[in-house]
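Beneath this line is the structure, given in structure tokens, with notes to follow.
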Amino acid sequence: MKNIEGGTVKSSAVKKNEDYFIQVEDDGVGMSEQKIFDMLYSDKEMKSVALKNINRRLSVYLERN
């Protein structure tokens, strides 16, 4: 897939009762469900690390609070 420069990432978060709902959107070229799973849950080395970093940071933050 081609790398597209100048993309946009939008994020939002809402807390309802004790639950957090977090949504991240971008206007990139997209990826398969398998690639998303691999990025979040496997130790495979990936070129793109943004999704994995967001997941790790949110996990750490929510564990502390």
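Which of the residues that make up region 26-59 are at pLDDT below 80 and polar (S, T, N, Q)?
Those that are at pLDDT below 80 and polar (S, T, N, Q): Ser42, Ser48, Asn53, Asn55.
Of all residues in region 9-25 being farther than 18 Å from Lys52 by Cα and at pLDDT below 90, which is surrounded by the fewest Cβ atoms within 10 Å (Cβ to Cβ)?
Just the residues of region 9-25 that are farther than 18 Å from Lys52 by Cα, to begin with: 14-20.
Subset that is at pLDDT below 90: 18-20.
Details: Glu18: 5, Asp19: 7, Tyr20: 13.
The qualifying residue surrounded by the fewest Cβ atoms within 10 Å (Cβ to Cβ) is Glu18.
The values are calculated or read from the model by the stated rules, or taken from the named source; none is laboratory data. Being a predicted model, the structure only gives us computed values, none of them experimental. Don't worry about glycine lacking a Cβ; one is built from the backbone with ideal geometry, like all the others, and counts go over all protein chains shown.
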